[in-house]
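A quick write-up on the structure given underneath.
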Amino acid sequence: MGFIGFSLIDVADILTVAFFLYQIYKLIKGTAAMNIFIAVILVYAGYRLVKELKMELTSMILGRFMEVGVIALIILFQQEIRRFLLHIGTRYLTGPRNSFVGRFFKTEHRMANVSLQNVVDACRSMAEKKTGALIVVGRSSSLQIYAETGDAINADVSARLLENIFFKNSPLHDGAVLVVNNRIHAARCILPSSENFNIPAHFGMRHRAAVGVTEATDAVAIVVSEETGRISYVEDGRIESDVSPERLAALLENKSDKSDKPDNNGNKSND
């Protein structure tokens, strides 16, 4: 019996599978989908075992289940699959850096300096007054599905307007403000709440909504705590809490140190 053939194509095949498995693990780590994924692996392992043991009835039942397994996986993991495809498309196709479109068509996703400064000024003022706020800054992903849950604004980005929207007696203060293409697109918007189990318990619904929208899109979110007045910056589902207005401006401009990665550790807030 000769040795099993092993070529560079086989190495590339193994590395490709390892890459996709690692990306899937990163997406579902700490979420309810992780338990489902483990359960699916156990069911498949059980199917292979009973098949090898020639347990005909059990093998037939599990076999029928495995036949519709792909469709079931798509239904169960539709959010994770969407996030994975969005991550690949944003990073390698439409991202502002190191992407195909970015290199050849020089796409730009940064906010204008005036709009950026108005957002930072509004957050500074609301933090001093302990006014709760949730602002989502769009990039290449569409936020229209979330805009439809709120009220259209379509106004220039203004620090005073943002403060008025989040004033506690304003009818628009409860929800998120969406900033798209350097304009306040909508207010009082409902965002998806993250199911990530790793988010510390002291982060409230504003932070969970901020994490949720940044998991589903490539947008970034800014949260001002109503209880502590601290500012949090959320990107790719990761929270950096208690940031200064200067740090916030640097993060929004994508000029921050890339080695200083946001984490989910922060000070207590019940927003």
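Let's see how each residue does on (1) closer than 20 Å to residue 125 by Cβ; (2) more than 13 Å from the chain's Cα centre (by Cα):
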site: 202; (1), (2): no, yes
site: 205; (1), (2): no, yes
site: 209; (1), (2): no, no
site: 212; (1), (2): no, no
site: 215; (1), (2): no, no
site: 241; (1), (2): yes, yes
site: 244; (1), (2): yes, yes
site: 247; (1), (2): yes, yes
site: 252; (1), (2): yes, yes
(request) May I ask you to say which residue of 160, 230 is surrounded by fewer than 23 Cβ atoms within 10 Å (Cβ to Cβ) and in contact with a strand residue (DSSP E or B) (Cβ under 8 Å, 6 or more places away or on another chain)? (result) 230
(request) Take the range 161-201 and flag every residue that is among the small types (Gly, Ala, Ser) and under 20 Å from residue 219 (Cβ atoms). (result) 175, 176, 186, 187, 193, 194
(request) Of the conditions (1) buried (at least 18 other Cβ atoms within 10 Å of the Cβ); (2) out of contact with any helix residue (DSSP H, G or I) (no Cβ under 8 Å at 6 or more places or on another chain), residue 149 clears all except one; give me its number. (result) (1)
(request) Scan the range 53-69 residue by residue and report those that are closer than 18 Å to residue 41 by Cα and either in contact (Cβ under 8 Å) with a residue 60 or more places away in the chain or charged (D, E, K, R) (or both). (result) 64, 67
(message) When you scan the range 73-90, do you find a residue that is assigned to a helix (DSSP H, G or I), at pLDDT 65 or above, surrounded by 13 or more Cβ atoms within 10 Å (Cβ to Cβ) and more than 20 Å from the chain's Cα centre (by Cα), even just one?
(response) yes
(request) Please find, within the range 1-20, the residue that is modelled with the highest pLDDT out of those that are β-branched (Val, Ile, Thr) and in a helix (DSSP H, G or I). (result) 16
(message) Based on this model, can you work out whether residue 218 counts as closer than 24 Å to residue 238 by Cα, at pLDDT below 90, surrounded by fewer than 23 Cβ atoms within 10 Å (Cβ to Cβ) and in contact with a strand residue (DSSP E or B) (Cβ under 7 Å, 6 or more places away or on another chain)?
(response) no
(request) Identify the single condition in (1) loosely packed, with under 13 Cβ neighbours inside 10 Å; (2) at pLDDT 90 or above that residue 142 does not satisfy, given that it satisfies every other one. (result) (2)
(message) If I filter the range 21-30 for residues that are of a type in the set (A, V, I, L, M) and modelled with pLDDT of 80 or more, do I get at least one hit?
(response) no
(request) Would you tally the residues in the range 197-211 being assigned to a loop (DSSP other than H, G, I, E, B) and in contact (Cβ under 8 Å) with a residue 24 or more places away in the chain? (result) 7
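The values are calculated or read from the model by the stated rules, or taken from the named source; none is laboratory data. Keep in mind the model is a prediction, meaning the values are calculated, not measured. Cβ coordinates were reconstructed from backbone atoms using ideal geometry, including for glycine residues, and neighbour counts include every protein chain displayed.
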